[in-house]
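Data first, discussion second: the structure below is written as structure tokens.
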Amino acid sequence: MSVSMPQGTGVETLGHVDLLSREELRRLAAASGPCVSIFLPTARFGPETLSGPSRLRGLLSEATTLLAEHGVDARRAEALLAPARSLVGDEPFWQGLSDGLVLFCAAGVSARFRVPVAFTEEVVVGEAFRVRPLLPVSATDGLFHILALAQNSVRVLAATRLTVGELPVPGLPGSMAEAIPQEEMQRYGQSHSVGGNGTKFHGQGNEADYDKVALERYFRAVDGPLVARLGNTNGDVPLVLACVGYYAPLYRHVSRYPAIWPKAVEGNPEELTAARLHDAAWALVEEHFADRGREWLERYHHQMGTGRTASGAADVLAVARDGRVDTLLLDAEAADGSDLDEALAAAVRHDGRVVCLPATDLGTEPAALLRW
């Protein structure tokens, strides 16, 4: 999923960012070695973008050498690295990037992620991909959604602490006019003609301009596709409403989504960019995610000494291989290494949860809550 980074400096577009989803993490975790992970800094715009292809070319040469040291012949190495090598001559790709680029290559698996992290140049070859540096900008933990709801537009955004992007929702009406036929809206008394441009609906703040029955019908038309896309049993992912104040209780009344956030971003969302919607919504849910991180840490400390925890990359790897890891706890600045790479992949392959905690809360070594 391509997303745009939020910020508070007045510059709304900071290039392309890719979100690491749970599904993508599972796909990467299932890869068989040798797995090649390539990290390099990139530029969003300007002359610095011209250095990207040459940087990548040098890193691919290093990857070929490392693969040879792992017993991979030149022909197989070329096949593994082909998806990454194809980017060297792809000039449009290097325009409008974010601060860093991560490329993953293995037999039958390739992926690329543009992220707001200025990595140092590095190539890692091992039995698993090095995905830990992507977790702070991933959807594996800290995911929330924003529903920007107005009579004349609807947007659904997927967001984490550092990313936000529009989420396509099949069947989602783009406006009240799409959801309810015009002749019915005229019966509700909700529209007026705007000449050749069709029908314009009002009610962005004036209670006299809206009809509760019409709005509830509209909101049901929005909620059906939304719940089908997000699921109606996942209570772990908050949905923050962004709308005029009187819409929020009406939408909550008709919605089947189980985790609508109790506070809304109030006002006309048509006037807000995705970045500003993110800033306002994150201010509402930030403490929730901080509390959840503290709860995981308290649960770990409470279970220490019971045989239901593990710590250190080597010990966590051993129990992860046996499918015992229920929840893998990682510091946001955890020290990387091959044991950690393999432990994370093994935990994910056995449906373990991965939680990225703020720096200093856990320490640099990984820890795990065990199933048995």
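Some observations on this one:
- Förster-model FRET efficiency, 56 Å R0, residue 211 and residue 279, C-beta, rounded to 0.05: 0.95
- A simple packing score, the average count of other Cβ atoms within 10 Å per residue, orders the peptides 333-345, 64-76 as 333-345, 64-76, with the highest score first.
- Here the label points at residue 57 and residue 371, each 7 Å from Cα along the C-beta direction, are separated by 4.9 nm in the simple model.
- Counting 0.36 nm for each residue step from residue 314 to residue 107 and taking away their Cα separation leaves a gain of 71.9 nm.
- For the stretch 82-143, averaging the sequence separation of C-alpha pairs within contact (under 8 Å, six or more residues apart) and dividing by the residue count gives a relative contact order of 24 percent.
- Per-peptide average of other Cβ atoms within 10 Å, ordering 316-325, 300-309 highest first: 316-325, 300-309
- For the stretch 291-372: span of alpha carbons on each principal axis (Å, largest first): 29, 26, 20
- Relative contact order %, the stretch 308-372, counting alpha carbon pairs below 8 Å whose residues are six or more apart: 52 percent
- Neighbour-limited loop hits for trypsin sites (Lys or Arg not before Pro), the stretch 227-294 (at most 15 other Cβ within 10 Å; DSSP other than H, G, I, E, B): 256, 263
- Separation in nanometres of the label points that stand 7 Å from Cα toward Cβ, at residue 287 and residue 306: 2.9 nm
- Per-residue SASA remark: residue 282, around 40 Å² accessible (1.4 Å probe; ligands, DNA and RNA not included).
- Taking every C-alpha pair closer than 8 Å and separated by at least 6 residues, the mean separation divided by the residue count of the stretch 216-372 gives a relative contact order of 20 percent.
- Ordered from longest to shortest, the equivalent ellipsoid semi-axes for the stretch 227-341 are 38, 17, 13 Å, each the square root of 5 times a Cα gyration tensor eigenvalue.
The values are calculated or read from the model by the stated rules, or taken from the named source; none is laboratory data. Predicted model only: the values in this text are computed from it and were never measured. Neighbour counts run over all protein chains shown; Cβ positions are idealised from the backbone, glycine included. Just the protein is used for accessible areas: all its heavy atoms, side chains included, with ligands, DNA and RNA removed. Shrake-Rupley method; radii C 1.70, N 1.55, O 1.52, S 1.80 Å.
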